[in-house]
Number of protein chains: 2
Amino acid sequence: MTRPRPPNSTPTSRLVERRQATMGPTSVLFYEKPLHVVSAEGVWLQTADGARYLDVYNNVPSVGHCNPRVVKAIADQAAQLNIHTRYLYDVVHTYAERLLATFGAPLDKVAFCCTGSEANDLALRIATAATGKRGFVVTEAAYHGNTAAVTDVSPSSRPGKPLAPHIRAVPAPIGAGLEAFASNVEAAIADLERSEFGFAGLIVDTIFSSDGVAADPAGFLKDAVEATHRAGGLFIADEVQPGFGRTGAAMWGFVRHGVAPDVVTMGKPMGNGMPIAGVVSSAPLLKAFADSTGYFNTFGGNPVTTAAALAVLDEIEERGLVANAADVGGHLLARLRGLTNRRGQIGEVRGAGLYLGVDFVRDGAPAPETATRVINALRERKILIGAAGLYGNVLKIRPPLVFERAHADMLVDALDEVLAEG
Amino acid sequence: MTRPRPPNSTPTSRLVERRQATMGPTSVLFYEKPLHVVSAEGVWLQTADGARYLDVYNNVPSVGHCNPRVVKAIADQAAQLNIHTRYLYDVVHTYAERLLATFGAPLDKVAFCCTGSEANDLALRIATAATGKRGFVVTEAAYHGNTAAVTDVSPSSRPGKPLAPHIRAVPAPIGAGLEAFASNVEAAIADLERSEFGFAGLIVDTIFSSDGVAADPAGFLKDAVEATHRAGGLFIADEVQPGFGRTGAAMWGFVRHGVAPDVVTMGKPMGNGMPIAGVVSSAPLLKAFADSTGYFNTFGGNPVTTAAALAVLDEIEERGLVANAADVGGHLLARLRGLTNRRGQIGEVRGAGLYLGVDFVRDGAPAPETATRVINALRERKILIGAAGLYGNVLKIRPPLVFERAHADMLVDALDEVLAEG
């Protein structure tokens, strides 16, 4: 029934040509010699040349690449029913209940969409509907997604360009930005209140991924959230990266900080790669938005993606993956901090659970060239990893949550070798 | 490995309660007594009470609910690899080539996203990057999706509310709006050119679904598109509804009109229910956008959704579904027009292929109450259908493309009975 496909043995250079011919200007490829992947399992990616790579980059397949339970859930559901949510069907309601059970009151309602971008786009409008205001405070190198409205709150997508007029950006809570975080947020709020836009809310990724990873001390978000609420704004916790147990402390990154978001957004690992995302909030806030704007998401919460998401929750719970993130992440953090003591290239190691950032510096200044060199050298050692941060100098460690101590040791040993080289 | 789930025999009333408790204000359900679906196949939906419904509503599963080839493609790919497009893998490149082969020059590049909303959100920004302008012309009851930016070009999502300041809406090319369409578009362009926003583009669904379905005479779009290009704007063809063969004339709805879009967006049936969507345009236009804004879509073009989309193309081509849409749609149109002659409730039957609209009127005025009554009466006869149009008085006929003449006859016979009742 299936037509012959070009074999996986297509030369990589030919595949790059085919790619440029069809995807062209919007194509984004990793590495000078891009990776031609053909299959994956657990924490491993297999390439067309027969090599196997340890995946320290991909947080989306959080319960492991091609997780058998998720694969079975997708296959079974796709064969039975896949439709929009204007009819009733069981799996979406079961999933909604299981998901909401991970939150406390008043966060008891969910709206499903397909991507973290759609979730954040909706969250911004919920805040505007609730407050009647349009101004948002974000961090300097934030990334919250790719729609027009969300790109406005994502300064990292427009480096060197001026912010949209209704946006104020504060330094990330890293280095000098940490102690000043709340006062910077307060000043940004005051500035918005003086503008024509007013203050609708503060949106942050609670692990500050794109800013270069910021986690400690737990609780540092409290004063900024209090200032947000005092000013009548909403606090939007973007859990697309830290959510679903990655920080090792709880299902959601905001819990570590002891703060109460008004709106929580989630996506990436929610369906282990299937396009499902969500906005969790309270009934009055969702109602204020729904009363002003008709909203329906055709693929949002469809049976196949929710079946995958339900299997992800099962895996996280039954395999204790939050505890695993804490254990393996703690081990990794300790070993990386051990490296810090011997190698001048590492300025700081930050993070929680299995979301860690290694700050590369040279003479006290950010060293993105070190990050680039390390990423390429680790790739030669069959380890996949990326960088983040305002200066691109932070090694970003966020493997699938099924990462084990042995994998952590492989990473640290390889990093040690690579740093010894230069 | 799988936990016990609540059985499909959950009473519908209990399921509605569970739904309200979890999805609340943003939940949209069809019918006073909502349908509790448990499985589907081809053009049939099965409900928990054992009944089977003919699906005349759902255009997303266009190659049939639970199409075996699509199901197998999803299952096989999910078990092998599912990842983002920053690595190379074969299926996305094969799919991109197959998809682009359905277009002529200069439409030779594709950007993948997950939903029609994301595709249109990107299309608007491509037009703004290319023209430096921000104003768009749309139709009065248009629907192009649900992001903040796309809701602005979707007056049907905000009925009775003023348009966003950078948007001008013209009457749909239906009735009096047909002959005046190009001159209305020209006037709207001129008005935008006098504003601070300028004119970036015209965006229309080429079958005007939400406006109440407009297809004839083929070619009526030409003058409006010429006016758009004369004014330096882009023509965005929203093919989310008419695309992938639905009009029976070609893969894309714009082809019937002999016009050349600058940007084409697609979604819904692209993956038969899997969240995949796309923007097709030319390299210079995509480059103008990509140079101004970093864009990446995590789930866009992932292997599982593109494998599904490839199977959809195979099905459309090998089973001749474009020709089937023409044949069955033509038969249906003729039979519906036969009804028109006997029943005063039908004002007009419009459409092309398997996207038809039946206009209900009373004393020459739109009769949405007839549409509502017919929809509910057809549901009692185990036929699922919906309504559209500025006044909600247009019966919207857009079944899966595997719809056969016998199904069309069931629909018309039932409609005939229902209309005879009042």
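The values are calculated or read from the model by the stated rules, or taken from the named source; none is laboratory data. If you're wondering where the values come from, they're calculated on a predicted model, not measured in any experiment. In this analysis, Cβ positions are derived from the backbone assuming ideal geometry, glycine residues included, and neighbour counts consider all displayed protein chains.
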Fill in the blank from the handout: For the range A:374-409 the number of residues that are out of contact with any Phe, Trp or Tyr (no Cβ under 9 Å at 6 or more places or on another chain) and part of a helix (DSSP H, G or I) is 8
Handout entry: Whichever residue in the range B:85-123 is facing chain A (nearest Cβ under 7 Å) and in a loop (DSSP other than H, G, I, E, B) and, among such residues, is nearest to B:Val60 (Cα to Cα)
Key = B:Thr115
Fill in the blank from the handout: Counting only residues in the range A:62-83 that are more than 7 Å from chain B (Cβ to nearest Cβ) and part of a loop (DSSP other than H, G, I, E, B), the one surrounded by the fewest Cβ atoms within 10 Å (Cβ to Cβ) is identified as A:Gly64
Exercise for the section: Of the numbered conditions (1) in contact with a helix residue (DSSP H, G or I) (Cβ under 8 Å, 6 or more places away or on another chain); (2) facing chain B (nearest Cβ under 7 Å), A:Gly145 fails exactly one; give the number of that condition. Expected result: (2)
Practice task
Could you tell me which of the residues A:Val259, A:Val255, A:Val213 is within 30 Å of A:Val361 (Cα to Cα) and hydrophobic (A, V, I, L, M, F, W, C)?
Solution key: A:Val213
Exercise for the section: Quick one: count up the residues across the range B:410-422 that are acidic (Asp, Glu) and either surrounded by 15 or more Cβ atoms within 10 Å (Cβ to Cβ) or in a loop (DSSP other than H, G, I, E, B) (or both). Expected result: 2
Problem - Selection within the range B:25-57 - facing another protein chain (nearest Cβ under 8 Å), touching a residue at least 12 places away in the same chain (Cβ under 8 Å), out of contact with any Cys (no Cβ under 8 Å at 6 or more places or on another chain) and in a strand (DSSP E or B) - result: B:His36, B:Val38, B:Leu45
Handout entry: the range A:146-170, subset closer than 23 Å to A:Pro366 by Cβ, of a type outside the set (Gly, Ala, Ser) and within 19 Å of the chain's Cα centre (by Cα), residue surrounded by the most Cβ atoms within 10 Å (Cβ to Cβ)
Key = A:Pro155
Practice task
Run B:Pro275 past the list (1) surrounded by fewer than 24 Cβ atoms within 10 Å (Cβ to Cβ); (2) within 8 Å of another protein chain (Cβ to nearest Cβ); (3) touching a residue at least 60 places away in the same chain (Cβ under 8 Å) and report the number of the one that doesn't hold.
Solution key: (1)
Exercise for the section: Assess whether B:Ala334 counts as being under 24 Å from B:Leu100 (Cβ atoms), among the small types (Gly, Ala, Ser) and either buried (at least 16 other Cβ atoms within 10 Å of the Cβ) or at pLDDT 95 or above (or both). Expected result: no
Exercise for the section: Write out, first by first residue and then by second, each pair whose Cβ atoms fall under 9 Å of each other, whose residues are 6+ apart or on separate chains, and whose first residue, in the range A:306-319, is more than 10 Å from chain B (Cβ to nearest Cβ) while the second is polar (S, T, N, Q) and part of a helix (DSSP H, G or I). Expected result: A:Thr306/A:Gln77; A:Thr306/A:Thr94
Practice task
Test A:Gly301 against the criterion of being closer than 24 Å to B:Ile83 by Cα, in contact (Cβ under 8 Å) with a residue 40 or more places away in the chain, surrounded by 24 or more Cβ atoms within 10 Å (Cβ to Cβ) and under 18 Å from the mean Cα position of the chain (by Cα), and give yes or no.
Solution key: no
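So that you can scan it fast, the table gives a plain yes or no per residue for (1) outside the structural domain of A:Trp252 (by TED's automatic domain parsing); (2) out of contact with any helix residue (DSSP H, G or I) (no Cβ under 8 Å at 6 or more places or on another chain); (3) under 21 Å from A:Gly267 (Cα atoms):
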| position | (1), (2), (3) |
| --- | --- |
| A:Ala307 | no, no, yes |
| A:Leu310 | no, no, yes |
| A:Ala325 | yes, yes, yes |
| A:Leu333 | yes, yes, no |
Practice task
Inspect the range B:348-366 for any residue being of a type in the set (D, E, K, R) and under 18 Å from the mean Cα position of the chain (by Cα) and give the result as yes or no.
Solution key: yes
Practice task
For the range A:323-343, state whether one or more residues are of a type in the set (A, V, I, L, M, F, W, C), under 23 Å from B:Val28 (Cβ atoms) and within 21 Å of the chain's Cα centre (by Cα).
Solution key: no
Exercise for the section: Answer yes if at least one residue in the range B:281-293 is more than 9 Å from chain A (Cβ to nearest Cβ), under 24 Å from A:Ser117 (Cβ atoms) and buried (at least 24 other Cβ atoms within 10 Å of the Cβ), and no otherwise. Expected result: yes
Exercise for the section: Scan the range B:171-196 residue by residue and report those that are outside any helix (DSSP H, G or I), touching a Leu at 6+ places or on another chain (Cβ under 9 Å) and of a type outside the set (Gly, Ala, Ser). Expected result: B:Pro171, B:Pro173, B:Ile174
Problem - Condition met for A:Gly245 (at pLDDT 95 or above and either in a loop (DSSP other than H, G, I, E, B) or within 20 Å of A:Gly353 (Cα to Cα) (or both)) - result: yes
Fill in the blank from the handout: Checked A:Thr12, A:Thr2 against criteria (surrounded by 13 or more Cβ atoms within 10 Å (Cβ to Cβ) and at pLDDT below 95); the one match is A:Thr12
Practice task
From (1) within 14 Å of chain A (Cβ to nearest Cβ); (2) under 24 Å from A:Val150 (Cα atoms); (3) in a loop (DSSP other than H, G, I, E, B), pick out the condition that doesn't hold for B:Ser209.
Solution key: (2)
Fill in the blank from the handout: Pairing a residue in the range A:383-410 that is under 22 Å from A:Thr47 (Cβ atoms) with any residue that is among the aromatic types (Phe, Trp, Tyr), where Cβ atoms lie under 6 Å and the two sit 6 or more apart in sequence or on different chains, gives A:Leu384/A:Tyr53; A:Leu384/A:Tyr57; A:Ile385/A:Tyr57; A:Gly386/A:Tyr57; A:Arg398/A:Tyr355
Completion exercise
Scanning the range B:212-238 residue by residue, those in a loop (DSSP other than H, G, I, E, B) and buried (at least 24 other Cβ atoms within 10 Å of the Cβ) turn out to be B:Gly212, B:Val213, B:Ala214, B:Ala215, B:Leu221, B:Gly233
